[in-house]
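Quick notes on the structure that follows.
The values are calculated or read from the model by the stated rules, or taken from the named source; none is laboratory data. Since we're looking at a predicted model, the values are computed, not measured. All Cβ positions, even for glycine, are placed from backbone atoms using ideal geometry, and neighbour counts span all protein chains on display.
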Amino acid sequence: MNGEQTSSEQAQKLPKGGGGGLSTFEGVFTPSILTILGVIMYLRFGWVVGNVGLLGTLLIVTLSTGITFLTALSISAIATDQRVRIGGAYYMISRSLGIETGGAVGIPLYFAQALSIALYTVGFAESMVQTFSWMDEKTVGIITTILVTLVALKSAKTAIRSQYIIMVAIGLSLLSLIFGKPIEETDVVLWSQPQEGNFWVVFAVFFPAVTGIMAGVNMSGDLNDSSKSIPKGTLAAVGTGYLIYMILPVLLVFRVGTDALIEDPLVMKKISFWGDAILLGVWGATLSSALGSVLGAPRVLQALSRDGVLPQRLRFLGKGSGPNDEPRIGTLVTLGVALLAVALGNLNIIAPILTMFFLTTYGVLNITAGLERFLDNPSFRPSFSVHWFWSLLGALGCIWVMFLINAWATVVALVLVAIIYFWLERREIESAWGDVRQGIWMAITREGLLRLRLHAPDTKNWRPHLLVLSAAPTKRWYLVELASAISHNRALLTVATVIPTDDVSDQRIAQKEGVIREHLAKKGVQSLVRVIASEDTFQGAKLLVQIYGLGGLMPNTILLGVSEQVSLRPAYCDMITHFYEARRNVVLINHNKERGFGERKRIDVWWGGLQNNESLMIILAYLLKTSMSWRGAEIRVKMVVHHEDARQAAEDNLLELITKVRTDAMAEVLVMEGRSFDEILRTSSGDADLILMGMARPGDSFVSYFDHTLDRVADLPTTVLVLAAQELKFSEVLLQEDLLTA
């Protein structure tokens, strides 16, 4: 691991927020409800009512709020299971789905909130210029952004309490609207066809109005008790917003005609008791949303830095100031991002993508809560319990709305999230907490093992699940190297070592496994590791093969090197016999120390007929040829006949077979012509990079047979001796319509 990839050691040392003194009302409800009751309510709600009528509007409000409500339930479940510290949504996601997923959502979420500040302040500036024509829009936007940030820099409490003034302005505007009067006689339209687009286009315009619940969640690190405040404040804000949005359409349809609702964005001003109160509401809505983003964005940035998601040179962004650990440095950086966006002016192009990032966060929060409840881990014990179905329904709703609002922006947002995820994954950031991903794999593995138990091995799906008996892998790396090339990172590969003593502690065994695992990771080999201790190495290997594996998933092929000590040959052959009787295929490597695997360009397979050994050799040769390290190697299938007369027929049969099995091998038939097989073997395969030969079944004279075989291959290139033992016809694996592929 490199220096920057030590995730939460620094996070453990730095203060984490929490206990900042904010109550449920001021820390969660106030920022959430002020963001929900925003500019869409003032400037677009009349357009919604005019296009789809009263019942259509009530349906849109109910569907939109329903998705937000399901998300609020998921947030409540997570918040009542864990202490939600600085970072809000990022903190929740990273502690459940892992730091990569949290960072992939958290980084875009930070920029979305930072740019939202500019979005709201530019909107405020536009409305000011429309009212006071002598003002300059860009100047007003820059000044407003700086002033809002200064309020946030003062302290979170000061910023939240300043929103009370804004809440009074919005409340005054709503009261003025309620006590207003009609401007014309109207016919109440219950349902109508939109003049532009369709019902879902109108739905997409309204939906962002109910997506303000993150404003309160982002203040998690400043709350007295986030586990109580987040559920209560968030659900109260959703309920209050829904009530207001269900009442307003009734007022509008009874006071304004359809044409005026559609054509006049400020129609509420005309039907209010005091029209200018609506302007105060519009200004208050934009300023409160901007202030909520100024408070939220730096806290996400602070959490990202403390968890090591950001590069080492940006770790200073995790520093907090004052007794409440406020992210003042992060706030100044966020101000810079917002001012740059304000200076650029028109944000309409990126606004849809910002909305997608917010909805992506909602969707992932729903998935987080749904998975936690579905897996039913003992560690997940929320006091606010929600069935996993509702959380996953909320996630589907978020995805549906994302594509409904802007399909292209959705694709762009998801691609950016995926890029960040894979970037973080490559950095291999270590976290100090577990996450739900392991629970997911546990559930999948359990289900898979139970299903495998019900089915006998079949030729269609056979793969060589390898157990490599490597002793010290660093000294006999060629075994692991060849096994990895055969497995293609798709079959199960286990590197095992037998420590030749039974007097060893469990701690020593675990330490040995850790060293091997780290070495394999550095070499890019995906493998399980198993170390056992035994007074007798061969007995330990027998025991390992006998007990290793689970259910229907256990090694079917044992790969090991040839014993170089003649005195140990009987015990070694007894071990091979045991493997064979246990129905494990055996692959022995007689390694040529000088040549190794040569140039990896040529593999010679010595053919004796379509038997199990020969068929397994062809499969292994094909898997090697299609691996990265042996890619492009030439496979030569060699066969020996006694007389020249038999050569043509044998060659035709061999070519026909090779064509059927589709391995792109070459056929080569050799005539003995008075020569011994050993002479032909040395002459024909002396310049190969790898040789594959079959072995006889173990019997009474297996030790002498094995000695003779080793003498035969002594001076040859690296040779693989193959003994098929599994109760499976490997010829059927070869002749499947779809041969095993890489």
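Numbers for the structure displayed
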quantity: In region 538-553, the residues that are touching a residue at least 40 places away in the same chain (Cβ under 8 Å) and in contact with a helix residue (DSSP H, G or I) (Cβ under 9 Å, 6 or more places away or on another chain); calculated: 541, 545, 550, 551, 552, 553
quantity: Any pair with Cβ under 8 angstrom, 6 or more apart, that starts in region 260-274 at a residue that is without any contact (Cβ under 8 Å) to a residue 24 or more places away in the chain and ends at one that is in a helix (DSSP H, G or I); calculated: 269/276; 269/278; 269/279
quantity: Enumeration of residues in region 224-256 that are surrounded by fewer than 18 Cβ atoms within 10 Å (Cβ to Cβ) and polar (S, T, N, Q); calculated: 224, 240
quantity: Unique match (being closer than 11 Å to residue 206 by Cα, of a type in the set (Gly, Ala, Ser) and not in a loop (DSSP other than H, G, I, E, B)) among 56, 46, 50; calculated: 46
quantity: Scan of region 565-596 for residues that are outside any helix (DSSP H, G or I) and free of Cβ contacts under 8 Å to residues at least 12 places away in the same chain, ordered by number; calculated: 565, 593, 594
quantity: Residue within region 608-616 that is in contact with an Asp or Glu (Cβ under 8 Å, 6 or more places away or on another chain) and under 16 Å from residue 685 (Cβ atoms) present; calculated: yes
quantity: Residue match in region 257-266 (condition: surrounded by 20 or more Cβ atoms within 10 Å (Cβ to Cβ) and over 15 Å from residue 131 (Cβ atoms)); calculated: yes
quantity: Qualifying residues in region 110-159 (those that are exposed (fewer than 14 other Cβ atoms within 10 Å of the Cβ) and among the hydroxyl-bearing types (Ser, Thr, Tyr)) - the one nearest to residue 359 (Cα to Cα); calculated: 158
quantity: Matching residues in region 418-429 - criterion: being at pLDDT 90 or above and of a type in the set (Val, Ile, Thr); calculated: 419, 420
quantity: Total residues in region 654-675, condition assigned to a strand (DSSP E or B) and aliphatic (A, V, I, L, M); calculated: 5
quantity: The listed residue being surrounded by 22 or more Cβ atoms within 10 Å (Cβ to Cβ), of a type in the set (Val, Ile, Thr) and modelled with pLDDT of 80 or more, out of 360, 355, 410; calculated: 360
quantity: In region 115-145, residue farthest from residue 366 (Cα to Cα) [restricted to those that are in contact (Cβ under 8 Å) with a residue 60 or more places away in the chain and among the aromatic types (Phe, Trp, Tyr)]; calculated: 124
quantity: Residue ID - surrounded by the fewest Cβ atoms within 10 Å (Cβ to Cβ), chosen from residues in region 526-580 that are outside the structural domain of residue 616 (by TED's automatic domain parsing) and touching an Asp or Glu at 6+ places or on another chain (Cβ under 8 Å); calculated: 535
quantity: Residue satisfying condition, being touching a residue at least 40 places away in the same chain (Cβ under 8 Å), part of a helix (DSSP H, G or I), in contact with a Phe, Trp or Tyr (Cβ under 7 Å, 6 or more places away or on another chain) and closer than 30 Å to residue 205 by Cβ, within set 112, 72; calculated: 112
quantity: Within region 676-706, tally of residues that are in contact (Cβ under 8 Å) with a residue 40 or more places away in the chain and assigned to a helix (DSSP H, G or I); calculated: 7
quantity: Region 435-468 - residue that is hydrophobic (A, V, I, L, M, F, W, C) and under 30 Å from residue 101 (Cα atoms) and, of those, modelled with the lowest pLDDT; calculated: 436
